[in-house]
Amino acid sequence: MTVSKTTDGGISWINRDTLVTTYSMTYALAVNPTNSNYVYAGGQPGIYRSTDAGNNWALSSTGLSGTVYDITFNPITTSIMYAATSSGIYKSVNSGVNWSYCGCTAANDVLVNPNNVNEVFAGTNSGAYQSTNAGSSWTQMNTGLYNTTVTSLGIYPNNYLYAGTDGGGMYRWNIMVGVEEHS
């Protein structure tokens, strides 16, 4: 896993390639929105955490399984985090020290609604899922999807959830009404 850092707006970069040695990949990066000293790198073989703005890293994958494709934070309580992995969605309530399986399989993306932190969305190889109880249970949202491999999610809070698929186009759900739209 390789991570590079810039402190001058991208003019120069410092390579932090000492996370893992051979045969590893970095797919996800996340910086704690309330404390930028906490940086997370996810991929294969798991999640690495830095508590000093990326200068030093430690494996932080206890309880987590699979390749990590996305990492996101609860925007209110940033010690609560979610990870989308090839094994499903995982949740940490202690800044990534320990992880618990929440459900879904083959997850590519995970997203927390910033206006309702109990509402979490997952993009998986078997479609889009919604949790209204902070990841404790999930409901499939595949009505109208032509291709159920959801690779990316985006949100316009209180209005729309967007889902990008693998070759099946972009979809938009009206969060307030619960209606899917294809574009």
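Condition test on ALA84, is it out of contact with any Asp or Glu (no Cβ under 9 Å at 6 or more places or on another chain) and either surrounded by 13 or more Cβ atoms within 10 Å (Cβ to Cβ) or at pLDDT 95 or above (or both)? Answer is no for this residue.
Taken as a whole, the condition of being of a type in the set (A, V, I, L, M, F, W, C) and more than 22 Å from TYR27 (Cα to Cα) applies to LEU145. Candidates in the range 8-36 are the residues that are at pLDDT below 85, surrounded by 11 or more Cβ atoms within 10 Å (Cβ to Cβ) and hydroxyl-bearing (Ser, Thr, Tyr); of these, the one that is farthest from SER92 (Cα to Cα) is THR18. Can you work out which of the residues in the range 38-62 that are part of a loop (DSSP other than H, G, I, E, B) and more than 18 Å from VAL93 (Cα to Cα) is most open to solvent (accessible area, probe 1.4 Å)? Here the answer is ASN56.
How many residues does the range 115-174 hold that are open to solvent by less than 60 Å² (accessible area, probe 1.4 Å), among the small types (Gly, Ala, Ser), part of a loop (DSSP other than H, G, I, E, B) and more than 20 Å from GLY103 (Cα to Cα)? Qualifying residue count for the region: 3.
The values are calculated or read from the model by the stated rules, or taken from the named source; none is laboratory data. What you are looking at is a predicted structure, and each value in this text was computed from that prediction instead of being measured. Every residue, glycine as well, gets a Cβ built from its backbone with ideal geometry; the counts of neighbours run over all protein chains shown. Keep in mind that these areas ignore ligands, DNA and RNA; they rest on the heavy atoms of the full protein, side chains included. Shrake-Rupley method; radii C 1.70, N 1.55, O 1.52, S 1.80 Å.
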